[in-house]
Amino acid sequence: MSLLTIDNLRISFPTEQGLTEVVKGISFELGRERLGIVGESGSGKSMTGRAILRLIGKPGTVTADRMEFDGIDLAGLSERRMRALRGARISMVMQDPKFSLNPVMRIGDQIGEVLSFHRKMNAAARRKRVMEVLEAVRITDAERVYKLYPHEVSGGMGQRIMIAMMVILEPDLMIADEPTSALDVSVQAQVLDIMDDLVNRTGMGLIIISHDLNMVARYCDRILVMFNGEIVETCAAKDLADAQHPYTQGLLASMPTIDERRTRLPVLDRTLLGGD
Amino acid sequence: MSDGHDCQCLIERFWGVIDMIDLKHLSIAYGDTSVVRDVSLHVPEGGSFGLVGESGSGKSTILKAIAGQITNWTGRIRLGEHDLQQGRDPALIRLCQMVFQDPFGSLHPRKTVDTILSEPLTIHGIRDQNNRVLDTLDAVGLARKFRFRLPHQLSGGQRQRVAIARALMLDPPVMLLDEPTSALDVSVQAEVLNLLKALREQRGLTYFLVTHDLPVVSFLCDNLGILRHGELVELATIDQLKQQQFSSEYGQELLSKSY
């Protein structure tokens, strides 16, 4: 049975030129697997992730024929029930720890906040659980980190803290929106390995939203390529090199390689693709 | 293309000098913390050098020292014939300019493209601003209609073109590039990389690129240095990178991590 079913999802925003559709009727299913959604800025990939958590605020409008998570109809859920779901069963890791963590709250308290919201737990038990989850994201000196403020940790550690916050309640689905693009390459691999390990251990579903085709190809099982609000290609990660759609092929070709012999990189011709 | 007169003058002044950037025993410390230790490297005129390393390795610190933003370094920094002075060095600004990583943070949000580009000219008392601005817009492939726009009206790629144009306004022979494409989409990255490569060929610029992206180095540079914990662990040619044959263990580790 699939964990998440999205059918004909549309997201639009009013502009001076009338209603603009940023996601134009996409459908996909997710099992307990790692799915990568790739596309460039403006392709609608982040909007799709947010829509699943019902985080698209007014004046945006979201419609879907079906949006079901583990048998629950997400579109019909009351805001109260939705809040109980967020963080506990579906969670989201944001792009930049610098802007997503509360700057005036100690890390330990911040991670523990999720627990006090969703579970009844005394302070000692909460602290113990926070320590456990900090260790699960390979923070070795959890005692020390617990007491720090976000500005006192590095970007890589900040992102691991965000992941800790998101997995503390062992959700069934984690949506990671550009989880590593604010990080260094060497730290990127570490953060992705941690997420990968958590997915393998807990069997949760994972959606990685990214513009980085190579990264997604390496860490996901299946890839959706979005362009201009539509899914233009779906393929198994290992078959990415044989992508059929001209947009995917263009993206792949425009990336330099370690052994780069071309004097000019090919540039996407958006007009040919019918983009704007 | 731009009249390039000033650029030509500078190039003539440095004619015969083999190295455009020459660092000797460069060490930098913040207080008691040593950040860069005894780094020596040189980049020939018209060359392109890539400095790679993780965050915290000191690569941006070296860049800042060359750009004159950090002044408490020891050792020698030489740009062409000019020995960099400790403290503020006015000659430096005409010698090298920098392109920053994030085009969203590096442009003044309330100044038009025109103001951003003419400011360095005004400061240095250079005339003929109108033509120079238009020439530079053409050189970086920005349509002239963008001249009076504000940064928020431009896309990321367009903004980075403005940042490159700003760096070119004073015709410096050296360009310092701090992760110039890492904030951009891949297809936009390709456009900006192509532009940087073309500008270097047309104007004989010398590039000093700081990045963690080895494929970008492979496309844009002739030589590279690998920095770790403030020390240069390896100097390599681009062919060594292409054949993935670094001699240091750490170099190989970086290769295995990049995908």
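Read the figures in this text as sums done on the coordinates, not as results from a lab. The model shown is predicted, which means the values in this text are computed figures rather than measured ones. Cβ placement follows ideal geometry from the backbone for every residue including glycine, while neighbour counts extend to all protein chains displayed.
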Chain B, helix-only ellipticity at 222 nm - DSSP H runs n ≥ 4, -39,500 (n - 2.57), divided by all residues, nearest 500: -11000 deg cm²/dmol
In Å, descending, principal axis extents of the Cα set of the range B:119-185: 37, 28, 18
Segment A:ARG81-A:ASP193, extension gain: residue separation times 0.36 nm, minus the distance between their alpha carbons: 37.1 nm
Estimated FRET transfer efficiency (B:LYS242, A:GLU143; beta-carbon r; R0 41 Å; 0.05): 0.35
Burial ordering of B:LEU241, A:LEU35, fewest other beta-carbon atoms within 10 Å first: A:LEU35, B:LEU241
Two-site label geometry, B:SER40 and A:VAL104: point separation in nm, points 7 Å out along Cα→Cβ: 5.3 nm
Degrees separating the helix A:155-167 axis from the principal Cα axis of chain A, which is the longest one: 80 degrees
Candidates B:LEU199, B:LEU227, B:LEU209: whichever shows maximal mean-square fluctuation once chain B is modelled as a Gaussian network with Cα springs under 10 Å: B:LEU199
On Cα atoms only, tilt of B:156-168 relative to the major axis of chain B in degrees: 90 degrees
Most mobile of A:GLY158, A:GLY25, A:GLY71 in a GNM of chain A (Cα contacts under 10 Å): A:GLY71
Chain A: angle of helix A:107-118 to the longest principal axis, Cα-based, in degrees nearest 10: 90 degrees
Longest segment of chain A lacking trypsin sites (Lys or Arg not before Pro) that sit in a DSSP loop with at most 12 other Cβ atoms within 10 Å: A:1-119
Footprinting exposure proxy for B:VAL233, B:VAL140 (fewest neighbouring C-beta atoms within 10 Å first): B:VAL233, B:VAL140
Positive-pole candidate from A:MET166, A:VAL153, A:LEU240, dipole of the range A:144-276, charges at beta carbon: A:VAL153
Separation in nanometres of the label points that stand 7 Å from Cα toward Cβ, at A:LYS238 and B:GLN153: 5.2 nm
Inter-site label distance for A:GLU135 and B:ARG144 at 7 Å from Cα along Cβ, in nm: 6.9 nm
Cβ neighbours within 10 Å from other chains - mean over B:186-198: 6
Once the Cα gyration tensor of chain A is diagonalised, semi-axes √(5λ) in Å: 32, 24, 17
Members of A:LYS98/A:LYS238; B:LYS64/B:LYS145; A:LYS120/A:LYS147; A:LYS45/B:LYS197; A:LYS128/B:LYS257 lying beyond 25 Å, as alpha-carbon distances in this model show: A:LYS98/A:LYS238; B:LYS64/B:LYS145; A:LYS45/B:LYS197; A:LYS128/B:LYS257
Mean ellipticity per residue at 222 nm, deg cm²/dmol - from DSSP H runs of n ≥ 4 across chain A, formula -39500 (n - 2.57): -10000 deg cm²/dmol
Listed residues A:THR61, A:THR263, A:THR48, most fluctuating in chain A (Gaussian network, C-alpha, under 10 Å): A:THR263
Local net charge near A:GLY49, Cβ-Cβ under 12 Å (Lys/Arg +1, Asp/Glu -1): +1
Charge dipole magnitude, Cβ of K and R +1, D and E -1 - the range A:187-276, Cα centre, debye nearest 20: 160 debye
